[in-house]
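The values are calculated or read from the model by the stated rules, or taken from the named source; none is laboratory data. Source: prediction; values computed, not measured. Neighbour counts are summed over all protein chains in view; Cβ atoms, including those assigned to glycine, are modelled from backbone coordinates with ideal geometry.
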């Protein structure tokens, strides 16, 4: 009797536990927060909040002012010594690959700083220069006010932590925002080719 | 200490340890690093559950034992719950999301520590052996993964932290392996084999065992 009861309880626990793990990992697809973030936006695109940005030229624009274009967004801080240089050069490659659509204004590259206190317009301009931007269609910008940054981090799912050496570590990626201002896809950094192909495919009539 | 007093002491111990872990500065400090969360905070929460098992009245233990032949049900529950808290995304979520944090603070004591402590005395030699070897294997598997992974598995923690945790897990696995090997080579088996033959009911807390 004890044996049967135990068998019953154990099978029930395994089934219940299996179901919880299955549900908590998006059907065994996402074991990390990063993977979960990608799946979540693909299933439910996220509206980007109307935050005011200050660009490298000092101009103030509203994020909603960028509606109507496809955006490729990355998050940066200009003091970043290693990682962001790689992401920066990726955006420079994207500038080459997407030259046509960028010139037509169908696509825009946007690098948003999560270190707005340090990243003033001159710093942002210097960052673009270091990353070898050719100018066309690539904005570097900082959100205005702490609240704006928080809203952007929450909606994009960006986690920034101090790296213990005065810098930051963050979940770097290329974020695809559609012309309605919705985040629809997140692409691993290092896959700028895929990002370019994704946008070109969307633009094809 | 008389055995009448033991449940009271265990209950007080469990409650005070739990309250300390709940204190915001302690919680923040232990969750500031992946290593501290996995190797200090969660094990201490499990320890709270073990203390709760000691504080349980004998009658409750008896009732549970009716559903826990050879300690199997408790072992299954503890294992399944541990698997859940080994997912990197639940570690992240437990820090950021209050609901997941509550789930962690409740499930680590009640669904890992408590069932494990109730099951261990009932587990026979073979069940204990399988359990310990699987623990060792898991420590090495997870540890190795964390040491070699070039990517951060948790968004909240640094890569160095993850690698340190990996080394820690492998060290614990190695220590556990040595302890088991020591027991196999030089240890006394009577206690284990007696447990294997007839799972002893939990006497703890019964006045009759008072000396």
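Taking the criterion of being within 13 Å of chain B (Cβ to nearest Cβ) and either within 12 Å of the chain's Cα centre (by Cα) or part of a helix (DSSP H, G or I) (or both), the residues of the stretch A:161-202 that qualify are A:170, A:171, A:172, A:173, A:186, A:188, A:189.
Is it true that residue B:58 is under 12 Å from the mean Cα position of the chain (by Cα), touching a residue at least 60 places away in the same chain (Cβ under 8 Å) and away from chain A (no Cβ under 12 Å)? It is false that residue B:58 is under 12 Å from the mean Cα position of the chain (by Cα), touching a residue at least 60 places away in the same chain (Cβ under 8 Å) and away from chain A (no Cβ under 12 Å).
In the condition set (1) in contact (Cβ under 8 Å) with a residue 24 or more places away in the chain; (2) touching a helix residue (DSSP H, G or I) at 6+ places or on another chain (Cβ under 6 Å); (3) more than 10 Å from every other protein chain (Cβ to nearest Cβ), residue B:36 is compliant with all but (1).
Scanning the stretch B:75-99 for residues that are part of a helix (DSSP H, G or I), farther than 30 Å from residue A:6 by Cβ and either more than 8 Å from chain A (Cβ to nearest Cβ) or touching a helix residue (DSSP H, G or I) at 6+ places or on another chain (Cβ under 6 Å) (or both) yields a count of 9. Among the residues making up the stretch B:143-162, a single one is more than 12 Å from chain A (Cβ to nearest Cβ) and under 20 Å from residue B:93 (Cα atoms): B:146.
Taking the stretch A:1-40, which residues are at the interface with another protein chain (Cβ under 7 Å from one of its Cβ atoms) and exposed (fewer than 12 other Cβ atoms within 10 Å of the Cβ)? Scanning the stretch A:1-40 gives a single hit, A:3. Determine, yes or no, whether residue A:50 is farther than 18 Å from residue B:74 by Cβ, more than 9 Å from chain B (Cβ to nearest Cβ) and at pLDDT below 95. The answer is yes for residue A:50. Just one of the listed residues (A:45, A:101, A:81, A:122) is surrounded by fewer than 21 Cβ atoms within 10 Å (Cβ to Cβ), at pLDDT 95 or above and over 16 Å from the mean Cα position of the chain (by Cα), namely A:122. For the stretch A:43-59, the criterion of being out of contact with any helix residue (DSSP H, G or I) (no Cβ under 8 Å at 6 or more places or on another chain), within 28 Å of residue A:127 (Cα to Cα) and in the same structural domain as residue A:196 (by TED's automatic domain parsing) is met by at least one residue. Pick out the one residue from A:91, A:75 that is closer than 18 Å to residue A:197 by Cα and under 19 Å from the mean Cα position of the chain (by Cα). After ruling out the rest, the residue left standing is A:91. Among the residues of the stretch B:119-160, the ones that are part of a helix (DSSP H, G or I) and more than 25 Å from residue B:178 (Cα to Cα) come to 2 in all. For the stretch A:62-95, filtering for residues that are over 24 Å from residue A:166 (Cα atoms) and touching a residue at least 24 places away in the same chain (Cβ under 8 Å) leaves 16. So which residues in the stretch B:81-110 are within 12 Å of the chain's Cα centre (by Cα), in contact (Cβ under 8 Å) with a residue 60 or more places away in the chain and under 28 Å from residue B:152 (Cβ atoms)? Listed by number, the list holds a single entry, B:108.
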